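> Just passing along the structure, written as C-alpha cells.
The values are calculated or read from the model by the stated rules, or taken from the named source; none is laboratory data. As the structure is a prediction and not an experimental result, all values here were calculated from the model. Here the Cβ is made from the backbone with ideal geometry for all residues, glycine too, and neighbour counts use every protein chain on show. Just so you know, the surface numbers come from the protein's heavy atoms only, side chains and all, with ligands and any DNA or RNA stripped out. Shrake-Rupley method; radii C 1.70, N 1.55, O 1.52, S 1.80 Å.
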Amino acid sequence: MSSASAGGGARAILCAGIIVLDEVFRVDRFPQPDAKTQAQSFFIVNGGCAANAAVAVARLGGRAALAGPLGEDSNGDRVLAALAREEIDCTGCQRLAGVATALSAIFIDARGDRMIVTHHDDRLAAATPADPARLVACADAVVADNRFPEFVRPICVAARARGLTVVLDADRPTQMSDELFRIATHVVFSSECLRATTGLDDLGAALAAIAGTTPSFLAVTQGPRDVLWREGATLRQSPVFAVEAIDTLGAGDVFHGAFALALAEGRDVVAALRFAAAAAGLKCTRLGGSMAAPRRAEVEALLAAT
C-alpha cells in the first residue's frame, strides 16, 4: 500500500512530546567507572521520541508535524533547522525563554547497543500546549510519547474528541493508573517501561495487567525479539526482521512513527506492526540515530522480499 493508496494522498501525522539534541559517541565498549574511554567517532543529531517519530513519518512519505517544548537557545535553533530540512511542520513547537533545550549524551557500543544520559529543565516538563484543538485540526492521527505528559495529554484528548487514532509511545515508567493509557487508542510499550510500570518480568502477564485498566490496543516491543500484542484476551506475536544492528538509537521511535502512519493509511494492526518492524529494523542497520530512518521504498522492498 502506498501512502496515497488509502484514499486521498499522504496522511498527516502529528508527533507530540519530547525534543532533544543528542551528542553521540561510538565506543568499542561502554565506559567503566574511573576510566577514560576513547571514542571511535562522534556526531550530533536530533533526538527525542516525538522528534524521531516525526522524521520517520516524513521519510516514509507522511506529512509530519511536531509539537513539543524546547528552549529558546542555540541548540533549539539547531534542532529546528534540522527538522526543517526534513520538511517537518514545527509550528506546534513551543519555545521557552531562558530555558535550555533538552540534551542527551549517548554511547553506542560495537554491538549497536546504547547507553543514554538525558537532561532537561523541569520547566520543559511543566509546559502545556497553547491550543491543542488547533494542533490536531489537520491531523489524520497522533503519536505521542509520555516523557512530557503535561504537554501531550491535552493534545491526545483533543485528538480523541475528533475521533483520531492516538498511538502512545510508552517509554517512561509510570503508574498503571496513568490516564494516558486510557486516552490513547493504541499503547505500544518498550519492554523496560512495561516491566517497570507493572512490576512484572513476564511481558505477557504485564500486558494482561495493563489490559485490566484500559480498553486500548496494547503491544510491547523488545528489541530484536518479536513484538507481543493482545487481541482480546489472546497474546499474539508479530515477528521482527533479523538484521545486523549497527545503531539501535531511535529505532523504537521509528517503530512508533511508522505504526501510526500505517494505521492512518488504513492498514490493520497486523500489517501496521509488520510495516513498523521493517522500518525499525532497517534503521538499526545504519549509524546516525533518527537521521538513519529509512525511506518508504526501502521498507516496501524489505516487506516484499520477506
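> Which whole-Hz couplings ³J(HN,Hα) result when phi for each residue of the range 118-129 is put into the Karplus expression 6.51 cos²θ - 1.76 cosθ + 1.60, θ = phi - 60°, listed in order with x for Gly and Pro?
10, 10, 9, 5, 4, 5, 5, 5, 8, 5, 10, x
> Work out the length of the dipole vector of the range 30-152 about its Cα centre, built from +1 on the beta-carbon of each Lys and Arg and -1 on the beta-carbon of each Asp and Glu, and round it to the nearest 20 debye.
Charge dipole, the range 30-152, about its Cα centre: 240 debye, nearest 20.
> What FRET efficiency comes out for Ala205 versus Asp77 if R0 is 41 angstrom and r is the Cβ-Cβ distance? Round to the nearest 0.05. Before the final figure, lay out each step's value.
Numbers: r = 46 Å, r/R0 = 1.13.
Given R0 = 41 Å and the Cβ-Cβ separation, E is 0.35.
> Is the shape of the range 1-111 best called rounded, prolate or oblate, per the rule: a/c under 1.5 gives rounded, else a/b larger than b/c gives prolate, else oblate, with a ≥ b ≥ c the square roots of the Cα gyration tensor eigenvalues? Intermediate results must be reported in sequence, preceding the final value.
Details: a/c = 3.17, a/b = 1.57, b/c = 2.02.
Oblate.
> Where does the charge balance sit around Val27 when Lys and Arg score +1, Asp and Glu -1, over other residues with C-beta under 14 Å from its C-beta? Intermediate values should be presented prior to the final figure.
Values: positive: Arg26, Arg29, Lys36, Arg111, Arg114; negative: Glu23, Asp28, Asp109, Asp113, Asp247.
Taking every other residue near Val27 into account, the sum is 0.
> Just to check I understand the Karplus step: with θ = phi - 60° and J = 6.51 cos²θ - 1.76 cosθ + 1.60, what whole-Hz values come out for the range 52-68, glycine and proline as x?
With the stated coefficients, the range 52-68 comes to 5, 4, 5, 4, 4, 4, 5, 5, 8, x, x, 9, 9, 10, 10, 10, x Hz.
> Further question on the same structure: What does the accessible area per residue of the chain come to in Å², with a 1.4 Å probe and no ligands, DNA or RNA counted? Numbers along the way, then the final one.
Details: 12790 Å² over 306 residues.
For the chain, the solvent-accessible area averages 42 Å² per residue.
> Considering amide H positions built from the backbone, and no H for Pro or chain starts, which residues 5 or more places from Asn46, or on another chain, come under 5 Å of its amide H?
Here the answer is Asp22, since their amide H atoms fall under 5 Å of that of Asn46.
> Which whole-number percentage describes the relative contact order of the range 177-306, with Cα contacts under 8 Å and a sequence gap of 6 or more? Display every interim value, and only then the final one.
Values: 191 pairs, mean separation 23.8, N = 130.
Result for the range 177-306 is 18 percent.
> Quick one: 3J(HN,Hα) in Hz for the range 141-154, Karplus 6.51/-1.76/1.60 with θ = phi - 60°, rounded, Gly and Pro as x.
6, 10, 10, 10, 9, 9, 6, 10, x, 5, 7, 7, 4, x
> Tell me the mean residue ellipticity at 222 nm calculated for the chain from its helices only (DSSP H runs of n ≥ 4, each -39500 (n - 2.57), averaged over every residue, nearest 500).
Working: 11 runs with 107 residues, N = 306.
Estimated from H runs of four or more residues: -10000 deg cm²/dmol.
> Spin-label point model (7 Å from Cα, Cβ direction): what's the Ala133 to Ala304 distance in nm?
Once both label points are built, they end up 4.5 nm from each other.
> Related question: Ordering Asp253, Asp89, Asp122, Asp226 from largest to smallest accessible area (1.4 angstrom probe), what's the sequence? Show your work: numbers first, answer last.
Numbers: Asp253 20, Asp89 70, Asp122 120, Asp226 50 Å².
Output order, biggest surface exposure first: Asp122, Asp89, Asp226, Asp253.
> Using 1/(1 + (r/R0)^6) with R0 = 30 angstrom and r between the beta carbons of Asp109 and Asp34, what's the FRET efficiency to the nearest 0.05? The partial results should precede the final answer.
Working: r = 19 Å, r/R0 = 0.63.
That gives a FRET efficiency of 0.95.
> May I pose another question? Roll a 1.4 Å probe over the protein heavy atoms and report the accessible area of Ser177 in Å², nearest 10.
That residue has around 80 Å² of solvent-accessible surface.
> Springs between alpha-carbon atoms under 10 Å, Gaussian network over the chain: tell me which of Val254, Val117, Val243 tops the mean-square fluctuations.
Val117
> If you don't mind, another one. Taking the range 190-261, which GluC sites (Glu not before Pro) meet the DSSP loop condition and have no more than 15 other C-beta atoms within 10 Å?
Values: sites: Glu192, Glu231, Glu244; in loops: Glu244.
When the GluC sites (Glu not before Pro) of the range 190-261 are filtered for loop state and at most 15 Cβ neighbours within 10 Å, Glu244 remain.
> For the range 11-149, give the share of DSSP beta bridges that are antiparallel, in percent and rounded to the nearest 5; count only bridges with both residues there.
Working: 13 of 35 bridges.
Counting DSSP beta bridges with both partners in the range 11-149, the antiparallel share is about 35 percent.
> Taking H placed 1.01 Å from N in the peptide plane, check which residues at least 5 places from Leu96 or on another chain put their amide H under 5 Å from its amide H.
Long-range HN contacts for Leu96: Leu70, Gly71, Glu72.
> Just to confirm my numbers, what's the Cα centroid distance between the range 82-129 and the range 23-40 in Å?
22
> Sticking with this one: Dipole of the chain, Cα-centred, from +1 at each Lys and Arg C-beta and -1 at each Asp and Glu C-beta, to the nearest 20 debye? Display every interim value, and only then the final one.
Details: 29 positive and 34 negative charges, 106 e Å.
The calculated dipole for the chain is roughly 500 debye.
> Bin width 5 Å, origin at 0, all Cα-Cα pairs of the range 81-220: what percent of pairs per bin?
Taking all Cα pairs of the range 81-220, the binned fractions are 2, 9, 16, 18, 19, 17, 12, 6, 1, 0 percent.
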